[in-house]
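Student: Handing you this structure, nothing more for now.
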Amino acid sequence: MSNYFPDVSRICYAGPDSRDPLAFKWYDPEATVEGKPMREHLRFACSYWHTMRNLLADPFGAGTAQMPWDDGSDTLENAERRAEVFFEFLTKINIDFYCFHDRDIAPEAHSIEETNANLDHMVRVLGAKQQSSGKRLLWGTACLFGHPRYVHGAASAPNVDVFAHAASQVRRAIDATHQLGGEGYVFWGGREGYDTLLNTDMSRELDHVACFLRMAVEYKKRIGFQGAFYLEPKPKEPTAHQYDYDAATCLNFLREHDLLDEFSLNIETNHATLAGHSMEHELEVAAAAGALGSIDANMGDAHLGWDTDHFPTDLYMTTAIMRVVLRMGGFVTGGLNFDAKRRRGSFEPVDLFHSHIAGMDACARGLRVAAAIRADGRIDDLLAERYASWDSALGRKIANGECTLEELEQHASTSGEPTLKSGREELLRSILNNIRPEG
Ligand code: XLS
Ligand code: NI
Ligand code: NI
C-alpha cells in the first residue's frame, strides 16, 4: 500500500475513555447491536468528490486543502494517483464503501470517445484497487451539473442535444457502476429545476425528466444491472427551485410517472433542512412509502444557508436517523455516505481522518442510543398507548375502510365527549435525554 498519510496508521476502536484523536470512541465495527455488527448496520461510505476532489474553496476565496499528491492537472496519471491515495485512506479509516461521480474519478476530454476511454481506464484501475483492498462501491452517479453545457439543466434542458449528452453520460456512468459491482446508482438533479418561470415550460421539463429516468430503467434492465436506483431530493441550489424538492415531492413525481417500483430515495440531511424539514421528517416520509434506500450523511449549520455539507456530529440527529433505520429493519443496498466536507480551515490531510472519525463516531453513538431507546421501550410504549383507541373494533373497522360517515355519527352521538390525554412531549424528551448508549 502507498504511504501518503505517513503519520496515520489504521484507525481502531479504543472506547469512549480514549483520548487518542486518531481512534474510534464509539464505532467498534465488529461489536454487535441488536444482533448485527455495527459495520453492517452503518455501512459507511466515503465520497470521492469531497475526499479527493474538494479543494475547500468558498464563494469568497480559493481552495485551502493541502493535497501534496495532486498536481492539479487533468491527466490520467494524476487521476491514478488520487485513486491510490483514496484507497490508502479507505483502508486506514476503516470504511468499507465509497461513492463517486464519473467526473470525480476520470477527467473529461475533448471528445466523448476520449472521455469514455478515460472513464474505462479508471474503472479498471478502481476495479483492481477494490480487488486488493476488499472495498466496495455503494453507488455511482453522473455529474450532470459541472460542465457549462448543463447551464440550463440536463434531463430538463430546453435543448434536446444537451439531453442527449446527459443520456450518454448516464449510460456510461451506469456501465461504470455495474462493472465495479456497485450496489446502487444515484440520480441527483444537479440543475434539474429553474431560475424563472418566464423562460420555463415546467410541465414539459418534468415530462422530459420522466422520459430520461424511464430510459435509464430500461437500460439498467437491458444490461442486467441489479443495483438499486435512487433519487436524491434537494429543494434548491444551484437553481432557485429544483424539481426534486423533498421526499414527498419525489415520491409524487415517481408515482405520477409510474416509476415508484423502480426507485427509492437517497435522503441527505442538509437537503432536508434546506427544504425546511428535519432529517427525521424526510426519513419518515420515505420509510412510510417503503422507499428509504440510502442516506447522504452530513448536516448544515443553523446560522448558514446553502448546502454546507458539514460532517454529521449532532448526536440527537444521528440518534433520530438510526432509530428510523433500525425501525425499517436496516439498509439493504444503501448505507451512510459521508457527503460531507471539512471546513475550509481544516486543510491538513490529517483533518480528513478527524472529520470522518467525528462523523463515524457520532453515527455509531446514535446507533447505540437508538438501540437503547428500543430496548428501554418507554418511548415506543407511550406511542402505542397514544393510538390505543385505534386498536378497538371501531378503529380497525375504519382503518380497514369498512366504515361509513353515518355509522360514525351514530358512534359520536352515543359515546359522549372524547376523553383526551396529554401528548407528554416533555416527558418523552426527558426520557430520551436519560437513555445511555448501549455497549
Ligand atoms: C449535492 C448532492 C450531491 C449528490 C451526488 O448537493 O448532495 O453530492 O449526492 O450528486
Ligand atoms: Ni448528496
Ligand atoms: Ni448535497
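No lab work stands behind these numbers, since they all come straight from the coordinates. As the structure is a prediction and not an experimental result, all values here were calculated from the model. Cβ atoms come from the backbone with ideal geometry, glycine included; neighbour counts cover every protein chain shown.
Student: Could you state the orientation-averaged shadow area of the convex hull built on the Cα atoms of region 56-131, in nm² to one decimal? Walk me through the numbers before you get to the answer.
Tutor: Values: hull surface 24.7 nm².
Dividing the Cα hull surface by four gives the mean projection, 6.2 nm².
Student: Next up: Could you work out the Rg to Rh ratio of region 1-43, with Rh taken as the Kirkwood radius (inverse of the mean 1/r over all Cα pairs)?
Tutor: On the way: Rg = 12.7 Å, Rh = 11.8 Å.
Ratio value, two decimals: 1.08.
Student: Taking N as the number of residues in region 242-341, what value does Rg over Cα atoms divided by 2.2 N^0.38 Å take? Could the numbers behind the result be given before it?
Tutor: Working: Rg = 13.0 Å, N = 100, 2.2 N^0.38 = 12.7 Å.
Taking the Cα Rg and dividing by 2.2 N^0.38 Å, one obtains 1.03.
Student: Hey, another quick one. Report, largest value first, the span of the C-alpha coordinates of the chain along each principal axis, in whole Å.
Tutor: 80, 58, 44
Student: Where does region 1-136 land on Rg(C-alpha)/(2.2 N^0.38 Å)? Write down the numbers at each step before the final one.
Tutor: Working: Rg = 17.1 Å, N = 136, 2.2 N^0.38 = 14.2 Å.
That works out to 1.20 for region 1-136.
Student: Given the convex hull of the Cα atoms of region 336-387, what is a quarter of its surface area in nm²? Show your work: numbers first, answer last.
Tutor: Numbers: hull surface 20.8 nm².
Across all orientations, region 336-387 yields a mean hull projection of 5.2 nm².
Student: Here is a further query. For Lys135, list the lysines whose Cα falls under 18 Å from its own Cα; do not include residues on the same chain fewer than 8 positions away.
Tutor: Here the lysines satisfying the reach criterion relative to Lys135 are Lys92.
Student: Let me ask something else. Quick one: net charge of Tyr194's neighbours, Cβ under 15 Å, K/R +1, D/E -1?
Tutor: On the way: positive: Arg191, Arg204, Lys234, Lys236; negative: Glu192, Asp195, Asp201, Glu205, Asp207, Glu237, Asp244.
That sum, taken over residues with Cβ under 15 Å, equals -3.
Student: Which of the lysines could be linked to Lys421 by a straight reach, that is with a Cα gap under 23 Å, when you skip same-chain ones fewer than 8 residues away?
Tutor: Lys397
Student: Can you find, among Met360, Leu383, Gln410, the residue farthest towards the positive end of the dipole of region 352-411? Put +1 on the C-beta of Lys and Arg, -1 on that of Asp and Glu.
Tutor: Met360
Student: Over all distinct alpha-carbon pairs, what is the Kirkwood Rh of region 386-439 in angstrom? Intermediate results must be reported in sequence, preceding the final value.
Tutor: Details: mean 1/r = 0.0700 Å⁻¹.
Here the Kirkwood hydrodynamic radius works out to 14.3 Å.
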